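Chemist: For reference, the structure I am asking about is given below.
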Amino acid sequence: MEILLVLGLPLLGSVLLALFGARRFAAELNAAMSLATLIVSSLLVLRVIRHGPMLVGHEQFFVDSFNVFLVGLTAFVGFTTALFSRPYMRIEEHLGRVTPGRLRLYHSMYQLFMGAMLLALLTNNMGLLWVAMEAATLSTVLLVSLYRTRASLEAAWKYFILCGVGIAQALFGTILLYFAAEQTLGREGMTALLWTHLNAVKGQLEPRVLGLAFVFLLVGYGTKVGLAPLHNWLPDAHAEGPTPVSAVLSGLLLNVALYAVIRCKVLVEGSVGRSLPGHMLMTFGLLSAVLGAFFLWRQRDIKRLFGYSSIEHMGIITFAFGLGGPVANFAALLHMTVHSLTKSSIFFTAGHASQTAGTQQMDGIRGLLGISPTIGWGLMLGSIAILGMPPFGVFASEFLILTTAMREHPWSTPFLLIALGVAFAAIFSRVQPMVFGESDAPPLPHSPALLPVFVHLAMVLTLGLYMPPALAEWYRAAARLIG
Amino acid sequence: MPTSHLIAQVLNVLAAGLLLISFAMLSRRRTQRLITLLAWQGAILFLSTCLVAHSSGLSEIYYSAALTLMLKVIALPWILHRLIYQLGAQWDSEPLVNIPATMLVGLVLVIFAFGLAQPISMLATTITRHTLGIALAVILLAFLMMITRRKAITQVIGFLAMENGLFFAATSATYGMPMVIELGIALDLLVGVFILGIFFFQIREQFDSLDLHHLESLKED
């Protein structure tokens with residue numbers, strides 16, 4: 001029942017907003033629908049904590065500790081982003097960058113995007129997972145090109161073609177997976193694509209086929225995670241789309257795509273052993289972390305900067321999942337949570353910062369503290385948090401990942417340390433002059449909603465200082481599931 | 001059984017036709033021709049799916065064949081034709097650099113595809129298992145086409161050709177995916193083409209052309 005509501009509400013919201021999205025109350029309706037989704041998602045989370053995994057709807061939907069945590073996170077960030085988007089898009093409308101008609105498209109697609117991501121998380125069917133991921137891409141293409149500028153059209157085109165080709169590879173991987181499963185599970189009853197059934201027989205699946213399938217699945221979904229060298233679409237789409245979209249792309253979509261990779265990895269590991277998938281994930285992860293960090297130096301646009309930072313962090317998380325084992329998986333899940341919360345809050349402040357300065361170029365943004373202390377401090381604290389300074393939660397997860405890497409694969413630690421160090425120097429040296437210094441920019445026409453920023457950062461801080469035992473136990477259960 | 005042998009032969013011929021069309025697409029300049037070739041690819045897929053349905057006796061494959069007929073032979077080519085007509089791009093052609101070199105790369109890709117598909121074909125039990133290599137080759141050739149072309153519409157045609165290859169791979173290896181998934185894929189494809197249609201107009205409004213070399217300003221400097 002909860003699952004039906006979790007999936008139905010965003011869909012309903014999308015239809016309602018397609019009808020009324022141009023009215024004055026559309027932004028409030030968007031936030032209300034997101035709040036409703038958050039409430040039913042929380043009910044779902046509570047239910048899974050209390051009663052354990054559940055399998056419903058002719059086995060088509062499956063919820064365990066792993067995906068329910070992402071469902072909760074997705075619904076939460078979806079709601080806070082909707083709160084942020086309300087004044088942000090008003091200001092954009094005030095500045096004449098969007099029209100009411102485009103706002104209608106924006107609100108409707110926002111809900112559809114949420115629905116697609118939640119479907120991808122909740123479905124038990126590997127084929128449906130693919131369909132949902134593709135739907136998530138399609139619903140955001142028009143969001144990235146919302147401003148209809150040349151740059152935004154180019155970004156959206158790149159996003160569509162690269163992710164489209166990537167996801168076509170994932171479809172081929174899914175076909176191979178189905179092919180392997182069909183020989184064990186048979187065509188009857190249509191169980192051969194259900195993850196729970198595949199998981200039960202994963203030891204009997206043909207390793208050669210699964211190995212090949214994993215290559216395609218990793219490349220396919222990895223494109224959407226933003227793993228180097230398939231990351232080209234990511235900084236463009238983050239920089240040119242409206243900021244709320246950048247926040248949900250970075251904070252949520254990358255997580256959901258990684259979730260798809262990990263679900264596949266669990267199956268493949270059961271068949272071909274841990275070595276091949278683990279090493280592939282580690283290689284892609286390290287490459288993305290190092291490349292992402294070095295590209296940070298060359299950025300002039302504030303949203304591109306944090307787009308590359310997302311590539312770096314997704315690389316670290318992918319690497320940690322590649323390491324495997326309870327500690328690394330625990331750290332990876334924690335890092336997914338804190339990265340998602342921190343990065344979305346950074347995009348919130350970066351969005352308002354570029355609105356006050358009238359440009360996304362970092363050279364043009366100066367003295368944020370003088371214009372609005374909340375924006376300035378939000379950006380500063382967010383950057384410190386994302387750079388992994390204690391006492392924020394990012395420090396805890398990165399520390400765990402580093403120590404595990406040192407113990408199990410010592411060769412990888414220099415790469416990780418270089419990535420972290422370079423990223424620190426690059427981001428800090430850019431953010432510092434933006435926050436401090438003098439500026440005479442006029443204040444914003446609508447007061448920004450920065451409550452979400454500080455709520456997110458407070459949560460990240462809490463996770464760094466003290467993790468509630470119930471939450472830790474929950475992460476541990478999820479980490480065990482991944483193996 | 002002689003009939004099943006005959007059907008297998010016909011299927012092989014159809015698969016060869018599919019591969020031939022992929023090569024033809026690599027060398028065609030005119031957008032309209034490419035759309036026609038795409039429709040032909042769809043028609044071959046429809047025929048081969050019908051044959052597979054007949055020989056395997058699985059009735060659900062007929063639905064998937066009907067879906068192919070409606071979507072890939074009729075709807076998508078029709079939408080694309082209308083689109084280029086409205087954009088006034090029906091007589092567009094694009095200069096192609098070095099067709100022989102592209103063809104050679106294509107040949108290498110086909111060999112690679114067969115090598116990759118060999119171990120999987122051995123495991124398959126379907127009547128079409130020998131065509132899996134061709135399906136993979138069609139996917140890779142479509143990919144090659146997307147890389148070598150500079151026009152937005154041509155890239156989309158390449159994308160759809162790739163999807164045709166994927167569909168063919170699914171029928172060759174496993175007699176197709178479950179119906180729900182096929183419907184989902186078809187829906188995504190249709191929505192995707194609609195969105196692209198909107199997109200083309202936005203691109204042309206901004207750039208006065210569908211040439212993608214305008215879309216190369218976002219990069220690291």
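Chemist: Quick check on A:L35: is it among the aliphatic types (A, V, I, L, M) and part of a helix (DSSP H, G or I)?
Modeler: On the way: among the aliphatic types (A, V, I, L, M): yes; part of a helix (DSSP H, G or I): yes.
Judged against the criteria, A:L35 is a match.
Chemist: Evaluate the range A:232-247: report whether one residue or more is open to solvent by 10 Å² or more (accessible area, probe 1.4 Å), in contact with a helix residue (DSSP H, G or I) (Cβ under 9 Å, 6 or more places away or on another chain) and within 21 Å of A:S139 (Cα to Cα). Don't jump to the end; show me each part of the working.
Modeler: Step one: list which residues in the range A:232-247 are open to solvent by 10 Å² or more (accessible area, probe 1.4 Å), which gives A:232, A:240.
Next, only the ones that are in contact with a helix residue (DSSP H, G or I) (Cβ under 9 Å, 6 or more places away or on another chain) stay: A:232, A:240.
Checking the rest, the ones that are also within 21 Å of A:S139 (Cα to Cα) come to A:232, A:240.
The answer is yes; a qualifying residue exists.
Chemist: Oh, and also: Does B:Q155 count as within 9 Å of chain A (Cβ to nearest Cβ), touching a Ser or Thr at 6+ places or on another chain (Cβ under 8 Å) and open to solvent by 10 Å² or more (accessible area, probe 1.4 Å)?
Modeler: Working: within 9 Å of chain A (Cβ to nearest Cβ): yes; touching a Ser or Thr at 6+ places or on another chain (Cβ under 8 Å): no; open to solvent by 10 Å² or more (accessible area, probe 1.4 Å): yes.
Taking the combined requirement at face value, the residue does not satisfy it.
Chemist: I would also like to ask the following. Among the residues of the range A:64-87, how many are more than 26 Å from A:N30 (Cβ to Cβ) and open to solvent by less than 20 Å² (accessible area, probe 1.4 Å)? Outline the logic, then answer.
Modeler: Residues of the range A:64-87 that are more than 26 Å from A:N30 (Cβ to Cβ), as a first pass: A:64-66.
This time we only want the ones that are open to solvent by less than 20 Å² (accessible area, probe 1.4 Å), so: A:64, A:66.
Final tally of qualifying residues: 2.
Chemist: Checking the condition hydrophobic (A, V, I, L, M, F, W, C) and closer than 20 Å to A:G285 by Cβ, which residue from A:L218, A:L194, A:L198 passes?
Modeler: A:L218
Chemist: On to the next question. So, in the range B:59-103, of the ones that are in a loop (DSSP other than H, G, I, E, B) and open to solvent by less than 40 Å² (accessible area, probe 1.4 Å), which residue ends up modelled with the highest pLDDT?
Modeler: Here is the first cut: in the range B:59-103, the ones in a loop (DSSP other than H, G, I, E, B) are B:59, B:87-92, B:94-98.
Subsequent filtering for residues that are open to solvent by less than 40 Å² (accessible area, probe 1.4 Å) retains B:87, B:89-90, B:94, B:96.
Numbers: B:L87: 80, B:A89: 73, B:Q90: 70, B:E94: 72, B:L96: 71.
The qualifying residue modelled with the highest pLDDT is B:L87.
Chemist: Something else about it: For the range A:136-173, enumerate the residues that are over 22 Å from the mean Cα position of the chain (by Cα), free of Cβ contacts under 8 Å to residues at least 60 places away in the same chain and in a helix (DSSP H, G or I).
Modeler: A:R150, A:L153, A:F172
Chemist: Still on this model: Mind listing whichever residues of the range B:189-211 are within 8 Å of chain A (Cβ to nearest Cβ) and either open to solvent by less than 10 Å² (accessible area, probe 1.4 Å) or among the β-branched types (V, I, T) (or both)?
Modeler: Of the residues in the range B:189-211, the ones within 8 Å of chain A (Cβ to nearest Cβ) are B:191-192, B:195-196, B:198-199, B:202-203, B:205-207.
B:V191, B:G192, B:I195, B:L196, B:I198, B:F199, B:I203 - these are the residues of the range B:189-211 that are within 8 Å of chain A (Cβ to nearest Cβ) and either open to solvent by less than 10 Å² (accessible area, probe 1.4 Å) or among the β-branched types (V, I, T) (or both).
Chemist: While we're looking at this one, here's another question. Please enumerate the residues belonging to the range A:138-164 that are surrounded by fewer than 24 Cβ atoms within 10 Å (Cβ to Cβ) and more than 7 Å from every other protein chain (Cβ to nearest Cβ).
Modeler: Passing the criteria: A:S139, A:L146, A:Y147, A:T149, A:S152, A:K158, A:L162.
Chemist: Being more than 9 Å from chain A (Cβ to nearest Cβ), modelled with pLDDT of 85 or more and closer than 17 Å to A:C163 by Cα is the requirement here; does B:I111 meet it? Give the derivation first.
Modeler: On the way: more than 9 Å from chain A (Cβ to nearest Cβ): yes; modelled with pLDDT of 85 or more: yes; closer than 17 Å to A:C163 by Cα: no.
When the stated conditions are applied, B:I111 does not pass them.
Chemist: Quick one: which residue in B:I185, B:I181 is open to solvent by less than 10 Å² (accessible area, probe 1.4 Å), within 7 Å of chain A (Cβ to nearest Cβ) and β-branched (V, I, T)?
Modeler: From the options B:I185, B:I181, the qualifying one is B:I181.
The values are calculated or read from the model by the stated rules, or taken from the named source; none is laboratory data. These numbers come from a predicted model, not from an experiment. Note that we place each Cβ from the backbone using ideal geometry, even for glycine, and neighbour counts take in every protein chain shown. Calculation scope for accessible area: heavy atoms of the full protein, side chains included, ligands and nucleic acids excluded. Shrake-Rupley method; radii C 1.70, N 1.55, O 1.52, S 1.80 Å.
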